[in-house]
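Asks: Dropping the structure in here first, questions after.
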Amino acid sequence: MYRITLFALCIFSGCLNAQYENVSISVDTLTTKTYMLTGRGGNIGIYIGADKVFMIDDQFAPLSEKIKTTISSLTDKPIAYLVNTHMHGDHTGGNSNFNSKTTTLVAQDNVRKRLIERGLKNVSEQKMSQKDYEKSLPEITFSKGMTFFDGEETIMLFHVHNAHTDGDTMVYFVNENVLHMGDTYFAGRYPYIDLNNGGSIDGYIAAHRKVLPIIDEKTQIIPGHGRPSTKSELEAYVKILEDLRSLVQKEIAAGKSLEDVKGNSSLTSKYDSTHGNGYIKPDRMRETIYNSLKK
Ligand SMILES: [Zn+2]
């Protein structure tokens, strides 16, 4: 029976949905009003206000129904706003499924620009319909930041420059004391820094240094990937990145090549057992820092 279903899925949607069939959405309750949802792709943040829901990121399109079902198990209030922390598909893939009369998409200016670029390419290659393309685009954008007020709650969106990409937004729920950092934070693993889409090691570190004074020991941090974290965990993390940056900088100053740095495992060895087992392996981390500093 399962095989027939899988076969039918492969016929009608090119196996696209089959890989998401076994993904389940789990919920971390952070406060009485805020939640982190995990499935596949970037962590989703949910805030349930007096009469509406505020959502951050939406993973991949084939997971949208499961995500909607999970949200409706938490509340029957409508999702009023959906913020994209940046343009990557594991954070924006569900945009066209969530965009509706009641749900407005919000993102930084550069996210819309990048989604237009990528969407037009997908439409021309017949990987996306024109209608889905139009529905996938942020409807309200901002340059530096934006603030939402919902009863007692203040929700601050602020742009950090050239960190993971060139369109990163952090979202801070002031009273709930919950911060969603998008992919400017990969908890417990080396970060992916997308140099081709405007990211940089300097901007990545600067983003952490910018947010640390705003939060306190009770803040609950939702990372783009990984488990919910604390301020002291974020402080320890940025110190690792600063150490790696200065080690690679010294190699560059000594005239070392990309191959030298990529091949020199001693540069990252202190941190590889704790941080080198994620998507970004130690050699890739050394390569990214080198290329970013050389730019
Ligand atoms: Zn990303």
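Asks: Going by the conditions given, is T85 among the polar types (S, T, N, Q), under 20 Å from T104 (Cα atoms) and in contact with an Asp or Glu (Cβ under 6 Å, 6 or more places away or on another chain)? Break it down stepwise before answering.
Replies: On the way: among the polar types (S, T, N, Q): yes; under 20 Å from T104 (Cα atoms): yes; in contact with an Asp or Glu (Cβ under 6 Å, 6 or more places away or on another chain): yes.
Yes: the conditions hold for T85.
Asks: Within the range 217-237, can one find any residue that is of a type in the set (S, T, Y) and within 16 Å of the ligand (Cβ to nearest atom)? Talk me through it step by step, then tell me what you get.
Replies: Here is the first cut: in the range 217-237, the ones of a type in the set (S, T, Y) are 219, 229-230, 232, 237.
Imposing the further condition that a residue be within 16 Å of the ligand (Cβ to nearest atom) reduces the set to none.
Within the range 217-237, none of the residues are of a type in the set (S, T, Y) and within 16 Å of the ligand (Cβ to nearest atom).
Conditions (1) in contact with a helix residue (DSSP H, G or I) (Cβ under 7 Å, 6 or more places away or on another chain); (2) not in a loop (DSSP other than H, G, I, E, B), marked per residue:
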residue: L82; (1), (2): yes, yes
residue: H86; (1), (2): yes, no
residue: D90; (1), (2): no, yes
residue: K101; (1), (2): no, no
residue: R112; (1), (2): no, yes
residue: G119; (1), (2): yes, yes
residue: F149; (1), (2): no, yes
residue: M156; (1), (2): no, yes
residue: H164; (1), (2): yes, no
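Asks: Let me ask something else about it. Scan I252, I214, I205 and give me the residue that is part of a loop (DSSP other than H, G, I, E, B) and among the aliphatic types (A, V, I, L, M). So that I can check it myself, show each step before the final result.
Replies: Working: I252 fails: part of a loop (DSSP other than H, G, I, E, B); I205 fails: part of a loop (DSSP other than H, G, I, E, B).
Result of the check over I252, I214, I205: I214.
Asks: Only residues in the range 274-289 that are buried (at least 17 other Cβ atoms within 10 Å of the Cβ) count as the first member; pair them with residues that are small (G, A, S), Cβ under 6 angstrom, at least 6 apart or cross-chain, and list the lot.
Replies: P282/G276
Asks: Being within 16 Å of the ligand (Cβ to nearest atom) and outside any loop (DSSP other than H, G, I, E, B) is the filter here, so list the residues in the range 39-60 that pass it.
Replies: Of the residues in the range 39-60, the ones within 16 Å of the ligand (Cβ to nearest atom) are 39-45, 56-60.
Within the range 39-60, I44, G45, I56 meet the criteria.
Asks: Among all residue pairs at least 6 apart or on different chains, which show Cβ distances below 8 Å where the first residue, located in the range 179-206, is free of Cβ contacts under 8 Å to residues at least 60 places away in the same chain and away from the ligand (no atom under 13 Å from the Cβ) and the second is of a type in the set (K, R) and part of a loop (DSSP other than H, G, I, E, B)?
Replies: Once the first residue is free of Cβ contacts under 8 Å to residues at least 60 places away in the same chain and away from the ligand (no atom under 13 Å from the Cβ) and sits in the range 179-206, its partners that are of a type in the set (K, R) and part of a loop (DSSP other than H, G, I, E, B) give A187/R227.
Asks: Ok, one more. Which of the following residues is open to solvent by 30 Å² or more (accessible area, probe 1.4 Å), hydrophobic (A, V, I, L, M, F, W, C) and free of Cβ contacts under 8 Å to residues at least 24 places away in the same chain: L293, L247, L258?
Replies: L247
Asks: Given the conditions (1) touching a strand residue (DSSP E or B) at 6+ places or on another chain (Cβ under 8 Å); (2) open to solvent by less than 70 Å² (accessible area, probe 1.4 Å); (3) more than 16 Å from the ligand (Cβ to nearest atom), which single one is not true for I116?
Replies: Every listed condition holds for I116 apart from (1).
Asks: Does G41 satisfy the condition of being touching a strand residue (DSSP E or B) at 6+ places or on another chain (Cβ under 6 Å) and at pLDDT 95 or above?
Replies: Working: touching a strand residue (DSSP E or B) at 6+ places or on another chain (Cβ under 6 Å): no; at pLDDT 95 or above: yes.
No: the conditions fail for G41.
Asks: If you don't mind, another one. Looking only at the range 94-111, filter to residues that are touching a residue at least 40 places away in the same chain (Cβ under 8 Å) and open to solvent by 30 Å² or more (accessible area, probe 1.4 Å); which one of those is farthest from the ligand (Cβ to nearest atom)?
Replies: Step by step, filter the range 94-111, then rank; the result is D109.
Asks: Another question, then. Exactly one of these conditions fails for T219: (1) under 16 Å from N162 (Cβ atoms); (2) surrounded by 19 or more Cβ atoms within 10 Å (Cβ to Cβ); (3) polar (S, T, N, Q). Give me its number.
Replies: Failed condition: (1).
The values are calculated or read from the model by the stated rules, or taken from the named source; none is laboratory data. Computed from a prediction, not measured in an experiment: that's the story for all the values here. Every residue, glycine among them, receives a Cβ derived from its backbone with ideal geometry; neighbour counts consider all protein chains shown. Calculation scope for accessible area: heavy atoms of the full protein, side chains included, ligands and nucleic acids excluded. Shrake-Rupley method; radii C 1.70, N 1.55, O 1.52, S 1.80 Å.
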